[in-house]
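> The structure's right below; bear with me while I get my questions together.
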Amino acid sequence: MIDYHVHPDYSPDAAGSIREFCARARELGLEEMCFTTHFEPDPLRAGFERVIVRGEACPAATDWARYYLEDIGTAQDEFPELVIRTGVEIGYEMGVEGRIADFLDQYRFDFVLGAIHCLEHVSISGSKEVGQMRALLVPKGAEYLASRYFDYLQAAVGCRLFDCIAHLDIFRKYVLPLWAGTPEAAVFNRVVGERLGPALECMAENSVGIEVNTSALRRGEAEPYPSWDIVRRAKLAGVEPFTLGSDAHRPEDLGKGLEDAAGRLAELGILPARFCARERVE
Ligand SMILES: [Zn+2]
Ligand SMILES: [Zn+2]
(Lines give C-alpha, C1' and ligand atoms only; values in the text may rest on other atoms or scores of the structure.)
(Ligands and ions follow the chains in the order given, each with its own letter.)
Protein backbone atom coordinates (compact mmCIF):
# COMPACT_ATOMS: atom_id res chain seq x y z
CA MET A 1 0.00 0.00 0.00
CA ILE A 2 1.15 3.54 -0.70
CA ASP A 3 -0.06 6.80 0.86
CA TYR A 4 0.50 9.98 -1.14
CA HIS A 5 -1.07 12.63 1.11
CA VAL A 6 0.42 12.93 4.60
CA HIS A 7 0.74 15.95 6.91
CA PRO A 8 3.44 15.85 9.59
CA ASP A 9 3.62 18.50 12.29
CA TYR A 10 5.15 21.11 9.97
CA SER A 11 1.47 21.97 9.40
CA PRO A 12 -0.04 23.72 12.45
CA ASP A 13 -3.20 21.61 12.04
CA ALA A 14 -1.25 18.33 12.19
CA ALA A 15 0.24 16.27 15.02
CA GLY A 16 3.06 13.74 14.81
CA SER A 17 6.63 14.21 13.60
CA ILE A 18 8.01 12.91 10.31
CA ARG A 19 9.72 10.17 12.34
CA GLU A 20 6.47 9.21 14.10
CA PHE A 21 4.65 8.93 10.77
CA CYS A 22 7.46 6.70 9.44
CA ALA A 23 7.23 4.47 12.53
CA ARG A 24 3.48 4.15 11.96
CA ALA A 25 4.07 3.39 8.26
CA ARG A 26 6.43 0.59 9.29
CA GLU A 27 3.78 -0.82 11.69
CA LEU A 28 1.23 -0.77 8.87
CA GLY A 29 3.67 -2.31 6.40
CA LEU A 30 3.31 0.60 3.92
CA GLU A 31 5.70 0.32 1.00
CA GLU A 32 5.78 3.98 0.14
CA MET A 33 4.67 7.27 1.65
CA CYS A 34 4.77 10.82 0.35
CA PHE A 35 4.76 13.69 2.86
CA THR A 36 2.72 16.61 1.54
CA THR A 37 2.97 19.39 4.09
CA HIS A 38 0.93 22.55 3.49
CA PHE A 39 2.32 25.59 1.73
CA GLU A 40 -0.10 28.51 1.41
CA PRO A 41 1.66 31.24 -0.59
CA ASP A 42 -1.14 33.86 -0.73
CA PRO A 43 0.46 37.06 0.61
CA LEU A 44 -2.98 38.38 1.63
CA ARG A 45 -3.29 35.46 4.05
CA ALA A 46 0.26 35.72 5.35
CA GLY A 47 -1.10 36.68 8.79
CA PHE A 48 -2.97 33.35 9.10
CA GLU A 49 -0.65 30.87 7.46
CA ARG A 50 2.15 29.43 9.55
CA VAL A 51 4.60 26.56 9.24
CA ILE A 52 5.98 24.88 12.37
CA VAL A 53 9.74 24.34 12.19
CA ARG A 54 11.34 22.50 15.12
CA GLY A 55 8.51 23.65 17.39
CA GLU A 56 8.51 27.27 16.24
CA ALA A 57 5.79 28.94 14.17
CA CYS A 58 7.26 30.64 11.08
CA PRO A 59 5.63 32.60 8.25
CA ALA A 60 5.09 30.57 5.06
CA ALA A 61 7.57 32.85 3.25
CA THR A 62 10.65 31.58 5.09
CA ASP A 63 13.08 28.76 4.28
CA TRP A 64 11.17 26.16 6.33
CA ALA A 65 11.26 23.74 3.38
CA ARG A 66 15.02 23.31 3.78
CA TYR A 67 14.43 21.82 7.27
CA TYR A 68 11.45 19.80 6.06
CA LEU A 69 13.46 18.19 3.25
CA GLU A 70 16.38 17.62 5.64
CA ASP A 71 14.09 15.88 8.18
CA ILE A 72 12.64 13.63 5.48
CA GLY A 73 16.18 12.72 4.38
CA THR A 74 17.11 11.81 7.96
CA ALA A 75 13.97 9.67 8.26
CA GLN A 76 14.78 7.90 4.99
CA ASP A 77 18.17 6.90 6.46
CA GLU A 78 16.45 5.56 9.56
CA PHE A 79 13.69 3.70 7.69
CA PRO A 80 15.46 2.22 4.65
CA GLU A 81 12.72 -0.39 4.05
CA LEU A 82 10.19 2.39 3.40
CA VAL A 83 10.25 4.53 0.24
CA ILE A 84 9.71 8.08 1.50
CA ARG A 85 8.89 10.77 -1.06
CA THR A 86 9.15 14.51 -0.60
CA GLY A 87 5.95 16.30 -1.48
CA VAL A 88 4.02 19.46 -0.78
CA GLU A 89 0.36 20.48 -0.93
CA ILE A 90 0.19 24.02 -2.28
CA GLY A 91 -2.89 26.15 -1.81
CA TYR A 92 -3.61 27.86 -5.12
CA GLU A 93 -4.65 31.50 -5.32
CA MET A 94 -5.13 33.59 -8.46
CA GLY A 95 -2.02 35.64 -9.19
CA VAL A 96 0.42 33.79 -6.93
CA GLU A 97 1.76 31.55 -9.71
CA GLY A 98 5.13 33.38 -9.66
CA ARG A 99 5.59 32.73 -5.94
CA ILE A 100 4.72 29.08 -6.41
CA ALA A 101 7.11 28.71 -9.35
CA ASP A 102 9.93 30.38 -7.36
CA PHE A 103 9.29 28.06 -4.43
CA LEU A 104 9.36 24.99 -6.68
CA ASP A 105 12.57 26.22 -8.33
CA GLN A 106 14.19 26.66 -4.96
CA TYR A 107 13.23 23.29 -3.43
CA ARG A 108 13.16 19.94 -5.19
CA PHE A 109 10.14 17.79 -4.47
CA ASP A 110 9.11 14.38 -5.77
CA PHE A 111 5.43 15.25 -5.96
CA VAL A 112 3.35 18.44 -5.88
CA LEU A 113 -0.35 18.57 -5.08
CA GLY A 114 -2.33 21.67 -5.94
CA ALA A 115 -5.38 22.43 -3.81
CA ILE A 116 -8.19 24.97 -3.81
CA HIS A 117 -8.28 25.73 -0.08
CA CYS A 118 -9.46 29.33 -0.41
CA LEU A 119 -11.69 31.42 -2.62
CA GLU A 120 -10.91 35.12 -2.80
CA HIS A 121 -8.63 34.76 0.23
CA VAL A 122 -11.28 33.11 2.44
CA SER A 123 -10.62 29.53 3.53
CA ILE A 124 -13.20 27.04 2.30
CA SER A 125 -11.52 23.96 3.71
CA GLY A 126 -11.10 24.61 7.44
CA SER A 127 -13.73 24.40 10.18
CA LYS A 128 -12.19 27.46 11.88
CA GLU A 129 -13.27 29.81 9.09
CA VAL A 130 -16.89 28.69 8.64
CA GLY A 131 -17.97 32.00 10.25
CA GLN A 132 -15.91 33.90 7.66
CA MET A 133 -17.44 31.81 4.86
CA ARG A 134 -20.92 32.72 6.09
CA ALA A 135 -20.08 36.40 6.42
CA LEU A 136 -18.01 36.89 3.26
CA LEU A 137 -18.91 34.16 0.79
CA VAL A 138 -22.60 33.32 1.30
CA PRO A 139 -23.75 36.86 0.29
CA LYS A 140 -22.07 36.33 -3.10
CA GLY A 141 -24.53 33.49 -3.83
CA ALA A 142 -24.22 29.84 -4.78
CA GLU A 143 -24.09 30.44 -8.54
CA TYR A 144 -21.18 32.86 -8.23
CA LEU A 145 -19.22 30.72 -5.76
CA ALA A 146 -19.59 27.46 -7.65
CA SER A 147 -18.43 29.24 -10.84
CA ARG A 148 -15.60 30.84 -8.95
CA TYR A 149 -14.47 27.45 -7.62
CA PHE A 150 -14.21 26.11 -11.15
CA ASP A 151 -12.45 29.30 -12.34
CA TYR A 152 -9.84 28.63 -9.65
CA LEU A 153 -9.62 24.96 -10.57
CA GLN A 154 -9.05 25.70 -14.25
CA ALA A 155 -6.48 28.38 -13.46
CA ALA A 156 -4.66 25.99 -11.08
CA VAL A 157 -4.62 23.33 -13.79
CA GLY A 158 -3.65 25.77 -16.54
CA CYS A 159 -0.59 27.09 -14.69
CA ARG A 160 0.90 23.58 -14.97
CA LEU A 161 2.74 23.88 -11.68
CA PHE A 162 1.02 20.87 -10.05
CA ASP A 163 1.22 17.13 -10.67
CA CYS A 164 -2.26 16.42 -9.30
CA ILE A 165 -5.22 18.33 -7.92
CA ALA A 166 -6.05 17.35 -4.34
CA HIS A 167 -9.63 16.63 -3.20
CA LEU A 168 -11.22 18.03 -6.36
CA ASP A 169 -14.76 18.36 -4.95
CA ILE A 170 -13.72 19.77 -1.56
CA PHE A 171 -16.72 22.13 -1.81
CA ARG A 172 -18.75 19.16 -0.51
CA LYS A 173 -17.11 19.67 2.89
CA TYR A 174 -18.12 23.19 3.98
CA VAL A 175 -19.26 25.24 0.97
CA LEU A 176 -22.26 23.26 -0.22
CA PRO A 177 -23.53 22.74 3.38
CA LEU A 178 -23.74 26.55 3.72
CA TRP A 179 -26.90 26.28 1.58
CA ALA A 180 -28.19 22.95 2.90
CA GLY A 181 -31.98 22.70 2.63
CA THR A 182 -32.30 25.83 0.47
CA PRO A 183 -32.90 26.16 -3.31
CA GLU A 184 -29.37 27.60 -3.59
CA ALA A 185 -27.92 24.09 -3.02
CA ALA A 186 -29.55 22.96 -6.29
CA VAL A 187 -28.14 26.05 -8.04
CA PHE A 188 -24.65 25.16 -6.79
CA ASN A 189 -25.00 21.56 -8.01
CA ARG A 190 -26.26 22.74 -11.40
CA VAL A 191 -23.15 24.85 -11.90
CA VAL A 192 -20.97 21.88 -10.82
CA GLY A 193 -22.76 19.79 -13.47
CA GLU A 194 -22.10 22.43 -16.14
CA ARG A 195 -18.48 23.11 -15.28
CA LEU A 196 -17.17 19.65 -14.39
CA GLY A 197 -16.84 18.27 -17.94
CA PRO A 198 -14.81 21.22 -19.31
CA ALA A 199 -12.65 21.19 -16.14
CA LEU A 200 -11.81 17.50 -16.62
CA GLU A 201 -11.00 18.11 -20.30
CA CYS A 202 -8.71 20.94 -19.23
CA MET A 203 -6.95 18.57 -16.80
CA ALA A 204 -6.48 15.92 -19.50
CA GLU A 205 -5.09 18.53 -21.95
CA ASN A 206 -2.63 19.86 -19.38
CA SER A 207 -1.59 16.41 -18.08
CA VAL A 208 -2.65 17.27 -14.54
CA GLY A 209 -3.90 14.30 -12.52
CA ILE A 210 -6.40 13.73 -9.76
CA GLU A 211 -5.84 12.71 -6.20
CA VAL A 212 -8.36 10.35 -4.58
CA ASN A 213 -8.50 11.46 -0.95
CA THR A 214 -9.99 9.13 1.67
CA SER A 215 -10.30 11.75 4.45
CA ALA A 216 -14.00 12.15 3.52
CA LEU A 217 -14.61 8.57 4.69
CA ARG A 218 -13.28 9.45 8.16
CA ARG A 219 -15.82 12.28 8.28
CA GLY A 220 -18.58 9.73 7.80
CA GLU A 221 -19.09 10.39 4.09
CA ALA A 222 -19.82 7.47 1.78
CA GLU A 223 -17.37 8.52 -0.94
CA PRO A 224 -13.87 9.97 -1.07
CA TYR A 225 -12.94 13.39 -2.50
CA PRO A 226 -13.72 13.41 -5.35
CA SER A 227 -16.77 11.16 -5.65
CA TRP A 228 -16.47 7.90 -7.61
CA ASP A 229 -18.66 9.43 -10.31
CA ILE A 230 -16.10 12.20 -10.85
CA VAL A 231 -13.25 9.64 -10.85
CA ARG A 232 -15.09 7.61 -13.51
CA ARG A 233 -15.77 10.69 -15.63
CA ALA A 234 -12.16 11.83 -15.25
CA LYS A 235 -10.92 8.46 -16.45
CA LEU A 236 -13.24 8.64 -19.47
CA ALA A 237 -12.04 12.19 -20.20
CA GLY A 238 -8.45 10.90 -20.33
CA VAL A 239 -7.25 12.44 -17.07
CA GLU A 240 -4.00 10.84 -15.87
CA PRO A 241 -2.57 10.01 -13.41
CA PHE A 242 -4.53 9.26 -10.24
CA THR A 243 -2.87 9.21 -6.83
CA LEU A 244 -4.27 7.91 -3.59
CA GLY A 245 -3.87 9.51 -0.18
CA SER A 246 -5.31 9.46 3.33
CA ASP A 247 -4.66 13.18 4.04
CA ALA A 248 -3.65 11.98 7.52
CA HIS A 249 -2.94 14.84 9.93
CA ARG A 250 -1.89 12.41 12.71
CA PRO A 251 -0.15 9.01 12.56
CA GLU A 252 -3.31 7.12 13.62
CA ASP A 253 -4.99 8.13 10.35
CA LEU A 254 -2.15 7.06 8.08
CA GLY A 255 -3.27 4.67 5.36
CA LYS A 256 -6.93 4.73 6.45
CA GLY A 257 -9.39 3.76 3.73
CA LEU A 258 -6.69 3.25 1.11
CA GLU A 259 -7.07 -0.48 0.64
CA ASP A 260 -10.78 -0.23 -0.21
CA ALA A 261 -10.19 2.81 -2.42
CA ALA A 262 -7.36 1.02 -4.26
CA GLY A 263 -9.79 -1.86 -4.89
CA ARG A 264 -12.38 0.54 -6.35
CA LEU A 265 -9.72 2.18 -8.51
CA ALA A 266 -8.58 -1.24 -9.77
CA GLU A 267 -12.18 -1.93 -10.89
CA LEU A 268 -11.93 1.24 -12.99
CA GLY A 269 -8.60 0.08 -14.42
CA ILE A 270 -6.62 2.62 -12.40
CA LEU A 271 -3.35 1.89 -10.63
CA PRO A 272 -2.37 4.66 -8.15
CA ALA A 273 0.65 6.57 -9.44
CA ARG A 274 4.01 7.08 -7.72
CA PHE A 275 6.36 9.97 -8.32
CA CYS A 276 10.08 10.65 -8.08
CA ALA A 277 11.55 14.07 -8.87
CA ARG A 278 8.20 15.17 -10.40
CA GLU A 279 8.21 12.24 -12.84
CA ARG A 280 5.85 9.31 -12.69
CA VAL A 281 7.60 6.06 -11.81
CA GLU A 282 6.21 2.63 -12.65
ZN1 LIG B 1 -6.02 19.98 1.23
ZN1 LIG C 1 -3.93 17.79 2.92
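> How many angstrom lie between the C-alpha centres of segment 123-143 and segment 164-230?
17
> If you take every residue apart from Glu267 with its C-beta less than 13 Å away from the C-beta of Glu267, what net charge results, scoring Lys and Arg +1 and Asp and Glu -1?
Neighbourhood net charge equals +2.
> Report, in debye and to the nearest 20, how large the dipole of the chain comes out about its Cα centre when Lys and Arg carry +1 and Asp and Glu carry -1 on their Cβ.
That gives the chain a dipole magnitude of about 660 debye.
> Could you tell me which of Ser246, Val88, Val122 has its Cα farthest along the dipole of segment 2-281 towards the positive end, charges placed at Cβ (Lys, Arg +1; Asp, Glu -1), taken about the Cα centre?
Going by the charge dipole, the pick is Val122.
> If you count only protein heavy atoms and use a 1.4 Å probe, how large is the accessible surface of Ile230, to the nearest 10 Å²?
10
> I'd like to know which of Leu69, Gly98, Pro183 lies farthest towards the positive end of the charge dipole of the chain, counting +1 on Cβ of Lys and Arg and -1 on Cβ of Asp and Glu.
Pro183
> Using the Cα gyration tensor of segment 155-282, with a ≥ b ≥ c the square roots of its eigenvalues, what is the shape: rounded (a/c below 1.5), prolate (a/b larger than b/c) or oblate (neither)?
Here segment 155-282 falls in the oblate category.
> Looking at segment 2-281 only, what percent of DSSP beta bridges run antiparallel? Nearest 5 please.
For segment 2-281, the DSSP antiparallel bridge percentage is about 30.
> Still on this structure: Helix by helix, which DSSP H runs in the chain go 20 Å or more along their axis at the Cα atoms and have an average Kyte-Doolittle hydropathy of 0.0 or more?
Qualifying helices: 142-158, 183-205.
> On to the next question. If I compute solvent accessible area with a 1.4 Å probe over the protein chains, what percent of it on the chain is carbon and sulfur?
Here it works out to 51 percent.
> Keeping every protein chain in place, order Arg108, Arg218, Arg66 by accessible area at 1.4 Å, biggest value first, i.e. largest first.
Result of the area sort, largest leading: Arg108, Arg66, Arg218.
> While we're on this one: Rank Phe21, Leu271, Gly193 by how far each Cα sits towards the positive end of the charge dipole of the chain (+1 on Lys, Arg Cβ; -1 on Asp, Glu Cβ) and give me just the farthest.
Towards the positive end, the residue furthest out is Gly193.
> Ok, one more. At 1.4 Å probe size, with no ligands or nucleic acids counted, give the accessible surface of Val281 in Å², nearest ten.
50
> Need one value: the accessible area of Thr182 in square angstrom, 1.4 angstrom probe, rounded to the nearest 10.
Only protein atoms counted, so the area is about 60 Å².
> Can you run phi through the Karplus equation (6.51, -1.76, 1.60; θ = phi - 60°) for segment 250-255 and list ³J(HN,Hα) in whole Hz, with x for Gly and Pro?
Listing the rounded values in order: 7, x, 4, 8, 4, x Hz.
> Assuming 1.002 mPa s and 20 °C, estimate D for segment 2-281 with Stokes-Einstein, Rh taken as the Kirkwood radius over Cα pairs, in µm²/s.
Value of D from the Cα-based Kirkwood radius: 113 µm²/s.
The values are calculated or read from the model by the stated rules, or taken from the named source; none is laboratory data. These figures come from a predicted structure and were not determined experimentally. Positions of Cβ are backbone-derived with ideal geometry, glycine not excepted, and every protein chain shown enters the neighbour counts. Heads up: the accessible areas ignore ligands, DNA and RNA and are worked out on the full protein's heavy atoms, side chains in. Shrake-Rupley method; radii C 1.70, N 1.55, O 1.52, S 1.80 Å.
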